[in-house]
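A.B. asks: One structure is given below, represented as structure tokens, and several questions about it will come after.
The values are calculated or read from the model by the stated rules, or taken from the named source; none is laboratory data. Being a predicted model, the structure only gives us computed values, none of them experimental. Here Cβ is always computed from backbone atoms with ideal geometry, including for glycine, and neighbour counts include all displayed protein chains. Heavy atoms of the whole protein, side chains included, go into the accessibility calculation; ligands, DNA and RNA do not. Shrake-Rupley method; radii C 1.70, N 1.55, O 1.52, S 1.80 Å.
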Amino acid sequence: MSSRTVTSPDRIYRSPAGIAGGVVLLALGVWLGADAVLGGTGRTPWLALAGLLFAVPLVVAFTIRPAVFGNEDRLRVRNPFRVITLPWAAVANFRSGYSNEVFDEAGNKYQLWSIPVSLRARRKAATRPARPRTGRRGEEPMPKAPAERRAPADQSMDELRELCESRAKATTSQGEPTVRWAYEIIAPAVAGAVLLVVLVALG
């Protein structure tokens, strides 16, 4: 009887603001593009189609597509134009500054697009007072050392660090990093750009 390897479910980290912005941009672009295609004359419909072919993949790439997936075996980073898979043993460290990044053992750096840094959220978290724990009715509040407040992006990075530290030595977490280019994004964007250049050149 064959045994199957059970993979733990992914923790998924995405940017709700980025997704919302992408949906708005796509809706606006499709509305304007459709108006130009249906109501335009001459080369206008073709220019509109070429513009959509170029712009839509880029909007998707930078807003809706980015995501970080982490499970007990590996970290998978889906950035605008690449998908990076890092077994936990291949992760050297995480760094949070003006952007969130992960480094592999070879020193290569990969930005985590779906976990953007918000300096405003950091300042807000740093100035928000910690609430004391309350005891039962009629009792004094229970003493508690004030806990450090963390911005949502920093909390996500803390979770990834903890997962990496706890799983880096596991047998299923060994391996080398792999990088795959997102040709499903790159190809239509390049085709749209080429078509635009041709249409403009033909005048």
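A.B. asks: What's the total number of residues in region 61-79 that are in a helix (DSSP H, G or I) and either within 17 Å of Ser173 (Cα to Cα) or open to solvent by 40 Å² or more (accessible area, probe 1.4 Å) (or both)?
C.D. replies: Counting residues in region 61-79 that are in a helix (DSSP H, G or I) and either within 17 Å of Ser173 (Cα to Cα) or open to solvent by 40 Å² or more (accessible area, probe 1.4 Å) (or both) gives 2.
A.B. asks: Now, a different point. Answer yes if at least one residue in region 20-42 is crowded, with 19+ Cβ neighbours inside 10 Å and in contact (Cβ under 8 Å) with a residue 24 or more places away in the chain, and no otherwise.
C.D. replies: yes
A.B. asks: Sticking with this structure for a sec: Could you pull out every one of the helices (runs of 4 or more DSSP H) wholly within region 93-203 that has 3 or more residues that are modelled with pLDDT under 75?
C.D. replies: 119-127
A.B. asks: Still on this structure, please answer the following. Which members of region 80-103 meet the condition of being in contact with a strand residue (DSSP E or B) (Cβ under 9 Å, 6 or more places away or on another chain), within 24 Å of Tyr183 (Cα to Cα) and open to solvent by less than 10 Å² (accessible area, probe 1.4 Å)?
C.D. replies: Matches in region 80-103: Ile84, Leu86, Val102.
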